[in-house]
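The values are calculated or read from the model by the stated rules, or taken from the named source; none is laboratory data. Please read all numbers here as calculations on a predicted model, not as lab measurements. Here the Cβ positions follow ideal geometry from the backbone for every residue, glycine too, while neighbour counts run over all protein chains shown. Protein only, heavy atoms only, side chains kept; ligands, DNA and RNA dropped before computing areas. Shrake-Rupley method; radii C 1.70, N 1.55, O 1.52, S 1.80 Å.
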Amino acid sequence: EVHLVESGGGVVQPGGSLTLSCAASEFTFSNSWMYWVRQAPGKGLVWVSRISSDGSFTNYADSVRGRFTISRDNAKNTLYLQMKSLRAEDTALYYCTRDGGYRKFDYWGQGTLVTVSS
Amino acid sequence: DIQMTQSPSSLSASVGDRVTITCRTSQSMSNYLNWYQQRPGQAPKLLIYDVSNLQSGVPSRFTGSGSGTDFTLTISSLQPEDFATYYCQQSYNIPWTFGQGTKVEIK
């Protein structure tokens, strides 16, 4: 079965940086558009960013554009989210998820927690 | 951005009850409307895609319907494992947006 495992979360000070990773397995990673979705503590789901299957096309939510960069390494079956100039409002559980066709998120990782605090 | 409004925000129901959750979008869209279930401490799980298509492995007591700007998720007979938060999500326009969630609690 499809497996997505996020890592790289932690506690960081405001203005700091962090890079998240998502290791994918049991599917052809290079064929799938990939996404990051986040969830602040006790809150709902928020779409953050997406990247095309070959990495040539990306989109970002307005709240992170210019600060976050999504990328992928298809040879390593890994998705990344580089986060800079972090703010308290970026505190959330960050999920990696894939578009399984028909524009739906059919598999999700368990998430990695990012806490921005001084 | 397309706004997604779910109602109710929460509800209390008993095992065996029929439960209906609605999702209203700020603009009409094609069929790009999905529903997810999230149990406490777990990642979201896809239930319904393209308004009414049941994701593989999801029990048939879950059904989706609707068109235009009004969509519905129905659970025909609530089971203990269905107590969770449910989200609608549109994938018609970037940024793909979610509803605020509907928490289904035990009465």
Inset, instruction - For segment A:102-113, name all the residues that are open to solvent by 30 Å² or more (accessible area, probe 1.4 Å) and more than 7 Å from chain B (Cβ to nearest Cβ). - result: A:107, A:113
Legend entry - Residue within segment B:11-29 that is within 12 Å of chain A (Cβ to nearest Cβ), touching a residue at least 40 places away in the same chain (Cβ under 8 Å) and of a type outside the set (Lys, Arg) present: yes
Inset, instruction - Can you tell me which residue among B:54, B:46, B:78, B:73 is at pLDDT 95 or above and touching a Cys at 6+ places or on another chain (Cβ under 9 Å)? - result: B:73
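Here's the yes/no breakdown for (1) within 12 Å of another protein chain (Cβ to nearest Cβ); (2) open to solvent by 60 Å² or more (accessible area, probe 1.4 Å):
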| position | (1), (2) |
| --- | --- |
| A:38 | yes, no |
| A:79 | no, no |
| A:89 | no, yes |
| A:115 | no, no |
Inset, instruction - Kindly list the number of the only condition in (1) open to solvent by 20 Å² or more (accessible area, probe 1.4 Å); (2) at the interface with chain A (Cβ under 10 Å from one of its Cβ atoms) that fails for residue B:89. - result: (1)
Inset, instruction - Could you please give the count of residues in segment A:47-59 that are more than 8 Å from chain B (Cβ to nearest Cβ) and either assigned to a strand (DSSP E or B) or open to solvent by 10 Å² or more (accessible area, probe 1.4 Å) (or both)? - result: 9
Legend entry - Conditions (1) more than 21 Å from residue A:102 (Cβ to Cβ); (2) assigned to a strand (DSSP E or B); (3) charged (D, E, K, R); number of the one not met by residue A:62: (2)
Inset, instruction - Please state which one of B:43, B:84 is within 10 Å of chain A (Cβ to nearest Cβ), more than 10 Å from the chain's Cα centre (by Cα) and crowded, with 18+ Cβ neighbours inside 10 Å. - result: B:43
Legend entry - Residue among A:6, A:26 that alone is among the charged types (D, E, K, R) and in contact (Cβ under 8 Å) with a residue 60 or more places away in the chain: A:6
Legend entry - Unique match (being assigned to a strand (DSSP E or B) and open to solvent by 30 Å² or more (accessible area, probe 1.4 Å)) among B:65, B:56: B:65
Legend entry - Residue count for segment B:6-18, restricted to those that are open to solvent by less than 70 Å² (accessible area, probe 1.4 Å) and under 19 Å from residue A:44 (Cβ atoms): 5
Legend entry - Checking residue A:95 against (1) among the aromatic types (Phe, Trp, Tyr); (2) over 13 Å from the mean Cα position of the chain (by Cα); (3) not in a loop (DSSP other than H, G, I, E, B), the condition it does not meet: (2)
Inset, instruction - Considering every residue within segment B:49-58, establish whether at least one is within 13 Å of chain A (Cβ to nearest Cβ), acidic (Asp, Glu) and more than 24 Å from residue A:94 (Cα to Cα). - result: yes
